Amino acid sequence: MQIIDYESYENCHFEHLELDEAVLQEVSFYRCSFASSSFQYAQFIDCEFQECSFNGCNLSLVLLANSKIIDTEFCNSKLLGINWGNLGPVILARFSNCLMDRSSFSGQNLTKVYFGSCSLRDASFADSNLACVKFDDCDFLGCQFHHTNLACSDFSSSRNYFINAETNEIKKAKFSLPEVLSLLANLEIELK
């Protein structure tokens, strides 16, 4: 099946699509599923994904210009280097077992988004709202949190995070030992 600009697709199953470097404009997807497909370097301009799923897809370096992601699930997919800040004001999604290194979520409202078994190495969450977000078994090596609302978020099963408690809101956030000790790193204290 071919995807055409300015069209709407409902309850469609797309498999083995090769849309690397494609440019799609004003396309709406409702309850569609994408499996084993590649969208590397593709551009989605003013597109909408509502109640969709991506499984085993490569969306690395995709441009999501003024698009919407609502109640959409990404599983076993590569989402490397995406600037999620180009989306509309809210992302409602679930990310499970995804490779999301070097992605930027700066300025985004990610309240209640779920990240499970994701690699978020060298990602950026500057000026983001991550209140009530569940990070289950995620790797944050080199990840940046700056002026981020992490209130009530759950990092208890995640690792390699460094969060400055003075420049981020961490009230009622959940952490576990020994990783929680990283919250003390910027305080210039000595632990024994």
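The values are calculated or read from the model by the stated rules, or taken from the named source; none is laboratory data. Treat the numbers as computed from the prediction; the structure is a model and nothing was measured. Neighbour counts are summed over all protein chains in view; Cβ atoms, including those assigned to glycine, are modelled from backbone coordinates with ideal geometry. Only protein heavy atoms, including side chains, enter the accessible area calculation; ligands, DNA and RNA are left aside. Shrake-Rupley method; radii C 1.70, N 1.55, O 1.52, S 1.80 Å.
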Worksheet item: Which of the lysines could be linked to K134 by a straight reach, that is with a Cα gap under 23 Å, when you skip same-chain ones fewer than 8 residues away?
Response: K68, K78, K112, K171, K172, K174
Discussion item. Let me spell out the model: positive unit charges on the Cβ of Lys and Arg, negative unit charges on the Cβ of Asp and Glu, origin at the Cα centre of the chain. What dipole size does that give, in debye rounded to 20?
Written reply: 700 debye
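Compute the FRET efficiency between Y41 and E166 as 1/(1 + (r/R0)^6), taking r as their Cβ-Cβ distance and R0 = 41 Å, and round to the nearest 0.05. Please report the intermediate quantities before stating the final value.
Values: r = 39 Å, r/R0 = 0.94.
Plugging the Cβ-Cβ distance into 1/(1 + (r/R0)^6) gives 0.60.
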Worksheet item: For the charge dipole of region 1-85, defined by +1 on Lys and Arg C-beta atoms and -1 on Asp and Glu C-beta atoms about the Cα centroid, which residue among F14, A35, G81 has the Cα displaced farthest towards the positive pole?
Response: G81
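If you filter region 1-62 for chymotrypsin sites (Phe, Trp or Tyr not before Pro), then keep DSSP loop positions with at most 12 other Cβ within 10 Å, what is left? Show your work: numbers first, answer last.
Numbers: sites: Y6, Y9, F14, F29, Y30, F34, F39, Y41, F44, F49, F54; in loops: Y6, F39, Y41.
Those that pass, being in a loop and sparsely packed, are Y6.
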Worksheet item: Relative contact order for region 1-144 using alpha-carbon pairs under 8 Å, separation at least 6, rounded to a whole percent?
Response: 14 percent
Worksheet entry | Relative contact order [Cα under 8 Å, 6+ residues apart], region 18-67, whole percent | 40 percent
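Please return the longest stretch of the chain lacking exposed loop sites, where GluC sites (Glu not before Pro) count only if DSSP places them in a loop and at most 13 other Cβ atoms lie within 10 Å.
On the way: sites that count: E7, E21, E166, E188, E190.
Longest run free of exposed loop sites: 22-165.
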Practice prompt. Express in nm, to one decimal, how much length is gained between E7 and E21 on full extension, taking 0.36 nm for each residue of separation and deducting their alpha carbon distance.
Written response: 3.1 nm
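Over the chain, with the other protein chains present, what is the accessible area per residue in square angstrom, probe 1.4 angstrom? Mind showing how you got there, number by number?
Numbers: 9420 Å² over 192 residues.
Averaged over the residues of the chain, the accessible area is 49 Å².
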Worksheet entry | Rounded to 5, percent antiparallel among DSSP beta bridges of the chain | 0 percent
Response to the item:
Checked against the positive end of the charge dipole of region 1-112 (+1 on Cβ of Lys and Arg, -1 on Cβ of Asp and Glu, about the Cα centre), the farthest of I69, G107, N55 is G107
Worksheet item: Per the 1.4 Å probe, what fraction of the accessible area of the chain, in percent, lies on carbon and sulfur atoms?
Response: 48 percent
Worksheet, complete the sentence: Sorted by chain and then number, the residues having a modelled amide H within less than 5 Å of the amide H of E73, at least 5 places away or on another chain, are C52, S53, F54, R94
